[in-house]
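One structure is given below, encoded as structure tokens.
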């Protein structure tokens, strides 16, 4: 989803995709779906791993061109605590919250040390 939004922004300018995102995330259910579709799933391998480990990412800064993460964090926390979510939705909201909190501490979630400093 984010790749599409970034291309849309490149083609149409900032305002059109930003308005669309604002409209979508105004609804709680759609906010959850938006974050779920924005979740990145990667695999991490080390020389000792026979099987890679799944790693999820959802950096709030990825969304900043379309919305201010600080404007949705309280809703995201409330929706996460509500618990009426699929497993993938829980992962997405948890990841967004964790990476938001890392950013709030002035750290970069791309830095592995940021995850150790919890």
Checking the structure you have, find out if any residue of the stretch 21-33 is farther than 22 Å from residue 86 by Cβ and at pLDDT below 95. no
Has the stretch 61-69 got at least one residue that is in contact with a helix residue (DSSP H, G or I) (Cβ under 9 Å, 6 or more places away or on another chain) and at pLDDT below 95? no
Identify, please: which residue in the stretch 22-56 is in contact (Cβ under 8 Å) with a residue 40 or more places away in the chain and in contact with a helix residue (DSSP H, G or I) (Cβ under 7 Å, 6 or more places away or on another chain) and is, among those, farthest from residue 90 (Cα to Cα)? 25
Residue 115, sole failed condition from (1) surrounded by 10 or more Cβ atoms within 10 Å (Cβ to Cβ); (2) modelled with pLDDT under 95; (3) not in a helix (DSSP H, G or I): (3)
Kindly establish whether residue 98 is closer than 11 Å to residue 35 by Cβ and either out of contact with any strand residue (DSSP E or B) (no Cβ under 8 Å at 6 or more places or on another chain) or at pLDDT 95 or above (or both). no
Looking across the stretch 99-112 at residues that are more than 15 Å from the chain's Cα centre (by Cα) and not in a helix (DSSP H, G or I), the single one that is surrounded by the fewest Cβ atoms within 10 Å (Cβ to Cβ) is 106
Would you check if there is a residue in the stretch 79-86 being within 25 Å of residue 105 (Cα to Cα), surrounded by 12 or more Cβ atoms within 10 Å (Cβ to Cβ), within 11 Å of the chain's Cα centre (by Cα) and in contact (Cβ under 8 Å) with a residue 12 or more places away in the chain? no
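The values are calculated or read from the model by the stated rules, or taken from the named source; none is laboratory data. The structure presented is a predicted model; accordingly, all values stated were derived computationally and were not measured. Here Cβ is always computed from backbone atoms with ideal geometry, including for glycine, and neighbour counts include all displayed protein chains.
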